[in-house]
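For reference, the structure is listed below as structure tokens.
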Amino acid sequence: MLYNRKQVQEHFKIDTSTLRVWLDKGVPVESENGIEYFDVETVKDWLEERRSGINNLEIGKIYDNKTISETFGCAPQGGMRRSKLTNTLVLFSDHTTGIYDDKTEIDDNGNEILLYTGMGQTGDQDVNHMQNRTLNESNETNIEVYLFEAFVQREHIYRGRVELVAEPYQYEQFNRKVWIFPLGFLEEKTVVSEDLTKKRDENQEKEAAKLSDKELYDRAKKIKSVGQRKVTTKVYERHTHVSEYVKRRAKGHCDLCGNPAPFNDRRGNPFLECHHVHWLSRGGEDSIDNAVALDPSCHRKMHELDKKEDTVFLQQKIKQYKNNSK
Ligand SMILES: [Zn+2]
Ligand SMILES: [Zn+2]
């Protein structure tokens with residue numbers, strides 16, 4: 001099919017400024033008897049070629065900013081970046097920048113939805129402003145929307161294509177109104193690990209600790225909902241016999257502080273927890289020579305403070321048990 005400019009715009013659902021960028025970047029244009037025309041198939045191939053780098057991105061992989069802006073042909077900064085060249089909108093959800101964080105939830109069908117906050121740093125956000133508008137209208141236009149999420153600074157995890165799955169809505173974010181865009185994933189893949197969300201939470205705890213009592217109260221009092229996210233997690237398959245053995249071996253007393261268990265469990269046994277002196281997550285083994293029984297508070301202490309002297313003490317304790325059983 002041979003089209004003029006207007007028809008090309010209609011066919012690809014692009015505006016005049018996008019076509020201008022395409023012309024600048026060498027979209028194939030023919031002319032006959034001084035009349036300019038476009039061959040739709042050739043234009044399509046040309047656009048595919050511009051987008052080929054995008055198709056090669058891998059969901060779940062980390063990309064740096066330079067690669068992203070080169071691949072999409074978008075600006076090197078901003079949370080919402082429009083590329084007219086590839087006719088895409090690239091969104092960044094950065095979980096490292098504090099407590100005004102995009103939340104996720106799981107809908108009734110089990111799909112993960114990201115509640116993406118629009119652009120505009122000060123005052124009320126406007127849904128018709130710049131890329132908010134682009135995103136708002138993205139289901140009617142041909143603009144493809146892509147998402148990157150960062151849990152660690154400068155490490156952008158590629159989440160693939162996303163689309164608006166519900167009407168954007170306004171949300172009162174402290175002293176102003178922001179727009180929230182519910183985004184669904186075209187290819188849903190669980191790629192965010194539990195470790196990453198923990199790192200994010202630790203950062204946010206640090207941020208929250210810096211707030212004054214009043215600021216903290218103002219933020220905390222408004223929160224009612226709980227977010228949900230699908231994450232990948234590593235589960236250690238521990239052996240019940242090891243944990244049962246070390247608890248019996250401790251005879252109802254914590255191997256670290258020596259105090260009796262704080263209460264009895266449902267079956268009437270002293271409540272102690274099995275702890276691996278050389279942590280399983282650091283390559284420790286699940287054996288009676290690496291495990292002890294701790295009361296809950298000493299157990300938390302080991303994981304929170306991870307003190308060398310406590311570790312040495314527990315290793316000694318295991319040695320004693322071994323010598324006594326000889
Ligand atoms: Zn203890
Ligand atoms: Zn432990």
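Restricting Val27, Val40, Val21, Val8 to residues that are among the aliphatic types (A, V, I, L, M) and under 36 Å from the mean Cα position of the chain (by Cα) narrows the list to Val21. Only one of the listed residues (Leu280, Leu196) is in contact (Cβ under 8 Å) with a residue 40 or more places away in the chain, within 15 Å of ligand 2 (Cβ to nearest atom) and touching a Phe, Trp or Tyr at 6+ places or on another chain (Cβ under 7 Å). That residue is Leu280. The residue that is farthest from ligand 1 (Cβ to nearest atom), counting only those in region 265-286 that are of a type outside the set (D, E, K, R) and farther than 16 Å from Thr311 by Cβ, is Gly268. If Pro262 satisfies every condition in (1) in contact with a Pro (Cβ under 9 Å, 6 or more places away or on another chain); (2) away from ligand 1 (no atom under 12 Å from the Cβ); (3) more than 15 Å from Ile318 (Cβ to Cβ) but one, which is the exception? Failed condition: (2).
Take the residues of region 209-226 that are part of a loop (DSSP other than H, G, I, E, B) and more than 22 Å from the chain's Cα centre (by Cα): which is nearest to Glu172 (Cα to Cα)?
Filtering region 209-226 for residues that are part of a loop (DSSP other than H, G, I, E, B) and more than 22 Å from the chain's Cα centre (by Cα), the one nearest to Glu172 (Cα to Cα) comes out as Lys222.
Using the structure shown, decide if Ser31 is part of a strand (DSSP E or B) and farther than 24 Å from Ile157 by Cα. Yes, satisfied.
Out of everything in region 302-326 that is touching a residue at least 40 places away in the same chain (Cβ under 8 Å) and within 14 Å of ligand 1 (Cβ to nearest atom), what residue ends up being surrounded by the fewest Cβ atoms within 10 Å (Cβ to Cβ)? Looking at the filtered set, the residue picked out is Phe313.
Can you find a residue in region 94-109 that is of a type in the set (Val, Ile, Thr), assigned to a strand (DSSP E or B) and loosely packed, with under 15 Cβ neighbours inside 10 Å? So far as region 94-109 goes, yes, one or more of its residues are of a type in the set (Val, Ile, Thr), assigned to a strand (DSSP E or B) and loosely packed, with under 15 Cβ neighbours inside 10 Å. Filtering region 289-301 to residues that are closer than 13 Å to Val242 by Cβ and either within 13 Å of ligand 1 (Cβ to nearest atom) or surrounded by fewer than 19 Cβ atoms within 10 Å (Cβ to Cβ) (or both) leaves Asp289, Val292, Ala293. Scan region 35-65 for residues that are free of Cβ contacts under 8 Å to residues at least 24 places away in the same chain, of a type in the set (S, T, N, Q) and more than 17 Å from Val8 (Cα to Cα) and the total you get is 3.
Read-outs throughout are calculated quantities, based only on the coordinates presented, and are distinct from any laboratory measurement. This one's a predicted model, so the numbers in the text were calculated from it and none came from an experiment. Neighbour counts are summed over all protein chains in view; Cβ atoms, including those assigned to glycine, are modelled from backbone coordinates with ideal geometry.
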